[in-house]
Amino acid sequence: MEVTFRELVPGDAEELLRLQHSLDKETAFMLLEPGERQTGLQQVREMIEGLTSSKTSTLIGAEVDGQLAGYVLARGGTANRNRHSAYLVIGLLKRYQGMGVGSGLLRKLIAWAEESGLVRLELTVMKHNERAIALYTKCGFTAEGTKVKSLKVDGDWVDELYMSKIIGFAAQENT
């Protein structure tokens, strides 16, 4: 299995959209349910263009044997008060989980964030998604709190953990 990590470009929009639709169908851990994603190809292209032109945002893909298998998106703050921070979304096809692809995506993202001068990475994760929580913890994220009844999945209330990672010089200052 050959895995390549790279920043996605507007030309990857079609493959990214196809991956997102696949993730919507195969997991209940992503925000959108199957059929709920209304994003078109042009909107995905424009979203990628916006991310690549931002100093505090990026979109990194994981290709396995030449096919997009997962991604991590970091959307940075745009105001002076939160420009040091980015919110993450990560998605990885089930058949590639547990093979180091997710941790590879996060390592690439953390390296990018350090180079970009970001201080804080944050994300939310469903409280019962033990595999993802273990991955985030392994990569240095810590739980900050619980968002009670944050989502409704298949008719049931789901709590989410709010997790973050402080990076760069700020991480050293906190120790």
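The values are calculated or read from the model by the stated rules, or taken from the named source; none is laboratory data. What you see is a predicted model, and the numbers here were worked out from it, not measured in a lab. Cβ sites come from the backbone with ideal geometry, for glycine too, and all protein chains shown count toward neighbours. Calculation scope for accessible area: heavy atoms of the full protein, side chains included, ligands and nucleic acids excluded. Shrake-Rupley method; radii C 1.70, N 1.55, O 1.52, S 1.80 Å.
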In cubic angstrom per residue, the convex hull of region 25-101 built on its Cα atoms measures 132 Å³
Of all DSSP beta bridges in the chain, antiparallel share, percent nearest 5: 90 percent
Under 17 Å from LYS147, Cα to Cα: aspartates and glutamates that are on another chain or at least 8 residues apart: GLU122, GLU130, ASP156, ASP159, GLU160
Which value in nm describes the separation of the simple spin-label points at MET1 and LYS152, placed 7 Å from the Cα toward the beta carbon? 3.7 nm
Considering only protein heavy atoms and a probe of 1.4 Å, how much of the accessible area of the chain is carbon and sulfur, as a whole percent? 49 percent
Any chance you could tell me what percent of the C-alpha pair distances in the chain go past 18 Å? 63 percent
Can you work out the accessible area per residue across the chain, with the rest of the protein chains kept in place, probe 1.4 Å, in square angstrom? 56 Å²
What do you get when you divide the Cα radius of gyration of region 107-157 by 2.2 N^0.38 Å, with N the number of residues? 1.39
For the cross-link pairs LYS25/LYS127; LYS94/LYS152; LYS55/LYS127; LYS25/LYS55, which exceed 28 Å when the distance is taken from alpha carbon to alpha carbon? LYS55/LYS127; LYS25/LYS55
To make sure I understand the rule: partners must be lysines, Cα under 17 Å from the Cα of LYS165, and not fewer than 8 residues away in the same chain. Which ones qualify? LYS108, LYS138
